[in-house]
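Here's the structure, in structure tokens; my notes come after.
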Amino acid sequence: MSPRRVVVTGVGAIAAVGNDTASYWEGLKKGVSGIGPLTQFDAAAYPSRIAFEVKGFEPEKFMEKKEARRIDRYAQFAIWGTQQALQDAALDVAKIDRDRMGVVVGSGIGGFHTLEEQHTILVKRGPDRVSPFIIPMLIINLGAGLVAMRWKLRGLNYGAVTACASGAHAIGLAARAIERGDADVMVAGGAEAAVTPFGFAGFCNMGALSTRNDDPAACCPFDARRDGFVMGEGSGIAILESLEHATARGARIHAEVIGFGASSDAHHMTAPDPTGGGAALAMRRCFEDAGVGPEEVDYLNAHGTSTQLNDKCETAGIKTVFGPVARKLKISSTKSMIGHTLGASGALEFVAIVLATRDGFIPPTINYAKPDPDCDLDYTPNTGVARGVRVAMSNSFGFGGQNAVLMVRKWETTERKN
């Protein structure tokens, strides 16, 4: 049996440039930066004191206050992203077979806010004062579990955990489930809220974060001045459906998912393969799955973290896979505007490539001022470009060398050629 076609009928997003999908996409198109001084805790003692924080988020607008107190911030983001995506898809779950609708929501870290808060209570007030909700509040699979409970979705359900590739893996695995016939509809994406004292301390001491605290252009992917990533938070969620299911209910279709590729660097706990070999393998597998060639890709949303190693190695991987076409390819890192949202990044970037194909617009890499000889491709510097985007792909690479690449095609009513 041939794999079923998978389409995107709804998307939802929350990030530092906007608390809903429309403002998120508008911010990316305009090249708006969501960076600012840390506000969620006193960072005076930290070498890095900047972040891309979600601002003015009020979970009480879509859930009861009592419920919000029992749900970690990362899962609140996942629920809000899902609510937006379902609304965008005009999907009334009460009218479909919810045994055939599942959820895969990834996160790299999960409930860090809860973990730190409850550990402080343990130390200061004793074990009997620790919340009985601590475990379900902090474990990563509860992001997906809570989404399923809220909308009574009884299909397959789990959390993908592959560090910064979690959101991309979640979407790729959800698409596979539909292709195989294991589900008709999937909620898929990622969520993260790790802007916490503990999280920041770990990344700072690893030397991963930018320390250019007074520079609003501190997050500058592929630029020679880059000195580390700037952490962000948020969620990206997509509604995936089989083409048959979407067509039967008369759904508006944003794009078609045509490719998913994954690989492992098998190299180092945190550093990427210096040759870009693992990234290249995931990209090749995505091309093989999609049945298209490098010359057909109009836009690549890069992992582009603004770290010395990642940007250099990713560029090398792109050159390996795309060959001479690499110099003609439009690339950008939307992390320059929303920061590195860890386990949510692949999902937020998937939302970006879906909207890029839908609207014919390539968002920029902002803060690009000083070229790096090792990063010498077209990164769409500083200003976005309005142009047709028929095929777009997104790279996501995580600690542990876990790589995931997704590809979408602009929705057209003609049959797939491959």
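The values are calculated or read from the model by the stated rules, or taken from the named source; none is laboratory data. Model, not experiment: these values are computed from the prediction. With ideal geometry, Cβ positions are generated from the backbone for all residues, glycine too; neighbour counts draw on all protein chains shown.
Observations on the structure shown:
- Annotation: of all residues in segment 173-209 being more than 30 Å from Ala51 (Cβ to Cβ), assigned to a helix (DSSP H, G or I) and not small (Gly, Ala, Ser), the one that is farthest from the chain's Cα centre (by Cα) is Arg180.
- Single residue of Val130, Val123, Val103 found to be crowded, with 23+ Cβ neighbours inside 10 Å and assigned by TED's automatic domain parsing to the domain that holds Leu240: Val103
- Scanning segment 119-133 for residues that are out of contact with any Phe, Trp or Tyr (no Cβ under 9 Å at 6 or more places or on another chain) and part of a helix (DSSP H, G or I) yields Thr120, Ile121, Leu122, Val123, Lys124, Arg125, Pro127, Asp128, Arg129.
- None of Leu281, Leu240, Leu309 is in contact (Cβ under 8 Å) with a residue 24 or more places away in the chain, part of a strand (DSSP E or B) and hydrophobic (A, V, I, L, M, F, W, C) except Leu240.
- In segment 71-94, the residues that are surrounded by fewer than 17 Cβ atoms within 10 Å (Cβ to Cβ) and part of a loop (DSSP other than H, G, I, E, B): Ala90, Asp92
- Test: residue in segment 103-112 that is in a helix (DSSP H, G or I) and modelled with pLDDT under 95: yes
- Residues within segment 157-172 that are assigned to a loop (DSSP other than H, G, I, E, B), touching a helix residue (DSSP H, G or I) at 6+ places or on another chain (Cβ under 6 Å) and surrounded by fewer than 24 Cβ atoms within 10 Å (Cβ to Cβ), tallied: 1
- Of the residues making up segment 234-263, those that are touching a strand residue (DSSP E or B) at 6+ places or on another chain (Cβ under 6 Å) and among the hydroxyl-bearing types (Ser, Thr, Tyr) are Ser235, Ser263.
- Test: Tyr379 is within 17 Å of Ala404 (Cα to Cα), of a type outside the set (A, V, I, L, M) and surrounded by 24 or more Cβ atoms within 10 Å (Cβ to Cβ): no
- Some residue of segment 336-351 being in contact with a His (Cβ under 6 Å, 6 or more places away or on another chain), at pLDDT 95 or above and not in a loop (DSSP other than H, G, I, E, B): no
- Boolean, Gln40 is in the same structural domain as Gly159 (by TED's automatic domain parsing), touching a residue at least 12 places away in the same chain (Cβ under 8 Å), assigned to a helix (DSSP H, G or I) and not β-branched (Val, Ile, Thr): no
- Consider segment 283-342 and keep the residues that are at positive phi and surrounded by 24 or more Cβ atoms within 10 Å (Cβ to Cβ). The one that is nearest to the chain's Cα centre (by Cα) is Leu342.
- Just one of the listed residues (Ser242, Ser264) is in contact with a helix residue (DSSP H, G or I) (Cβ under 9 Å, 6 or more places away or on another chain), modelled with pLDDT of 95 or more, over 30 Å from Ile35 (Cβ atoms) and among the small types (Gly, Ala, Ser), and it is Ser242.
- Cβ pairs under 7 Å, 6+ apart, first in segment 334-350 and not assigned by TED's automatic domain parsing to the domain that holds Lys29, second of a type in the set (Ser, Thr, Tyr) and in a helix (DSSP H, G or I): Lys335/Ser345; Gly343/Ser166; Gly346/Ser166
- Search result, residues across segment 10-30 that are free of Cβ contacts under 8 Å to residues at least 24 places away in the same chain and crowded, with 21+ Cβ neighbours inside 10 Å: Gly18
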